[in-house]
Amino acid sequence: KQEVTQIPAALSVPEGENLVLNCSFTDSAIYNLQWFRQDPGKGLTSLLLIQSSQREQTSGRLNASLDKSSGRSTLYIAASQPGDSATYLCAVKEKNDNAGNMLTFGGGTRLMVKP
Amino acid sequence: KAGVTQTPRYLIKTRGQQVTLSCSPISGHRSVSWYQQTPGQGLQFLFEYFSETQRNKGNFPGRFSGRQFSNSRSEMNVSTLELGDSALYLCASSATGSTEAFFGQGTRLTVV
């Protein structure tokens, strides 16, 4: 059974810092890994999608990497801003025909960026 | 292009009642998945519908059910509500052949 873990559970940094969020998964047979952002009480906003054949994806100040063999992904946020404060979730889609589009989520990292 | 729309946004129900939540996917998306999010359990997969058929189901009791209509809109029903069903219910839609999931704003269900 796939398990996804995110460390740390919470992180507080001063504005302007570069930071790294970690995600690990137990079964490397995945189609892709997706990073999401969630503001309190709201839905999920897709940030980056990395296919299993890719090593990284970039969007603006965000860069996500994937090391499928070791079961790890990192989300790098450059020059953090108070508006980046949110919970960040990673999710994997397993390479299993029976799984359909099911995603398995990590517990999230709650990020606070202080002005 | 409109995103995933969930209605209602908030619901308060009494134990023992039943509730129906609705999800309209992005136009052209045929896959709709439902998730339950609670502080203790995080995000857990409920079920997925594709072309009006349930394709996959998570580990939830039979009180949780769903369906999908020919226009891909989906409904989720919870019968005999329990206090523990209080949660944020999220739905996600995906295009055929695409594996990126797009989520709605969720329905906050409170059972009292």
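Laboratory data are not the source of any read-out in this text; all were calculated from the coordinates shown. Just so we're clear, the structure is a prediction, and the values are computed from it rather than from any experiment. Glycine gets a Cβ as well: all are built from the backbone with ideal geometry, and neighbour counts include every protein chain shown.
Going by neighbour counts of Cβ atoms within 10 Å, the residues A:Tyr31, B:Tyr10, B:Tyr89 line up, fewest first, as B:Tyr10, A:Tyr31, B:Tyr89. Counting charges near A:Thr104 (Lys, Arg +1; Asp, Glu -1) among other residues having Cβ under 11 Å from its Cβ returns a value of -1.
Taking A:Arg72, A:Arg55, A:Arg37 in turn, the Gaussian network model of chain A (Cα-Cα springs below 10 Å) assigns the largest fluctuation to A:Arg55. Per residue of peptide A:100-110, the mean number of Cβ atoms on other chains within 10 Å of the residue Cβ is 6. Residues B:Leu46, A:Leu33 in ascending order of nearby Cβ atoms (within 10 Å, fewest first): B:Leu46, A:Leu33. Comparing B:Gly40, B:Gly58, B:Gly84, which has the greatest mean-square fluctuation in the GNM of chain B with Cα pairs linked when under 10 Å apart? Among B:Gly40, B:Gly58, B:Gly84, the largest mean-square fluctuation in the Gaussian network model of chain B belongs to B:Gly40.
With each label modelled as a point 7 angstrom along the Cα→C-beta vector, the B:Asn77-A:Lys114 pair spans 5.2 nm.
Of all beta bridges that DSSP places with both ends in chain A, some 90 percent have antiparallel geometry.
Toward the positive end of the charge dipole of chain B, with +1 on the Cβ of Lys and Arg and -1 on the Cβ of Asp and Glu, the farthest Cα among B:Tyr89, B:Val19, B:Ser33 is that of B:Val19. Across B:Leu88, B:Leu11, B:Leu21, mean-square fluctuation computed from a Gaussian network of chain B (C-alpha pairs under 10 Å connected) peaks at B:Leu11.
Counting every other Cβ atom within 10 Å of each residue's Cβ, A:Ser69, A:Ser59 order from fewest to most as A:Ser69, A:Ser59.
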